[in-house]
Amino acid sequence: GREQNHISPLHVIFFFLIASMGSLLQSKQSSAFETYYIIMKAFVVMLILYAMTLAAEILTQTRFTSFKEISRHVSLLAGAIASILLLVVLVPSLGWFLLLCWFIIFIRTMIESRGQLRQLFLQAQLSALQMLGISHTWMTQEQRLPV
């Protein structure tokens, strides 16, 4: 049967945090875009990335599992960083601390899961080639996935 769309509880938390902090930002005396231009620009980029990858995760629920997996991870990372960037504007000391923690956790996770990430991207590459009807015979033996 068709797998039901399921949104992670983390996404619900990110929606709540972004909406709540966004409304708090509107009540500040100064414009956040004037005072924190680079941070707010980064927030907008992360928010767009978050929305796009979350949509991709939902739309690929039953097919293209490697794309779904990549979308899920990227959307969670983007949602977390978008929330933290708003916190940098609202409560700078806490925001910068959480941003540093996020960065350390992100680097550690990337290092620990580099083999898994490589495999995931190779699967995504093969899925994309299959969707386009392109043969993957040009790939080296090391890049090919076991069948």
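The values are calculated or read from the model by the stated rules, or taken from the named source; none is laboratory data. What you are looking at is a predicted structure, and each value in this text was computed from that prediction instead of being measured. We place every Cβ from the backbone using ideal geometry, glycine too, and count neighbours over all the protein chains shown. Ligands, DNA and RNA are stripped out before the accessible areas are found, and what is left, the full protein with its side chains, is counted by its heavy atoms. Shrake-Rupley method; radii C 1.70, N 1.55, O 1.52, S 1.80 Å.
Across the range 32-45, coupling constants 3J(HN,Hα) worked out from phi with the 6.51/-1.76/1.60 Karplus curve, θ = phi - 60°, read 5, 6, 7, 6, 10, 4, 5, 5, 5, 5, 5, 4, 4, 4 Hz, and Gly and Pro carry x. Counting heavy atoms of the protein chains alone, Trp96 has an accessible area of about 140 Å² for a 1.4 Å probe.
Projecting the Cα atoms of Leu54, Tyr36, Ala124 onto the charge dipole of the range 26-129, computed from C-beta unit charges around the Cα centre, puts Ala124 farthest toward the positive end. Backbone geometry of the range 48-60 corresponds, through the Karplus equation with coefficients 6.51, -1.76 and 1.60 at θ = phi - 60°, to 3J(HN,Hα) couplings of 5, 4, 4, 4, 5, 6, 5, 4, 4, 5, 6, 6, 9 Hz, x marking Gly and Pro. For the range 67-114, the fraction of 1.4 Å probe accessible surface lying on carbon and sulfur atoms is 77 percent. Phi angles across the range 9-26 convert, under the Karplus curve 6.51 cos²θ - 1.76 cosθ + 1.60 with θ = phi - 60°, into 3J(HN,Hα) values of x, 4, 5, 4, 5, 4, 4, 4, 4, 5, 5, 5, 5, x, 5, 5, 4, 5 Hz, Gly and Pro given as x.
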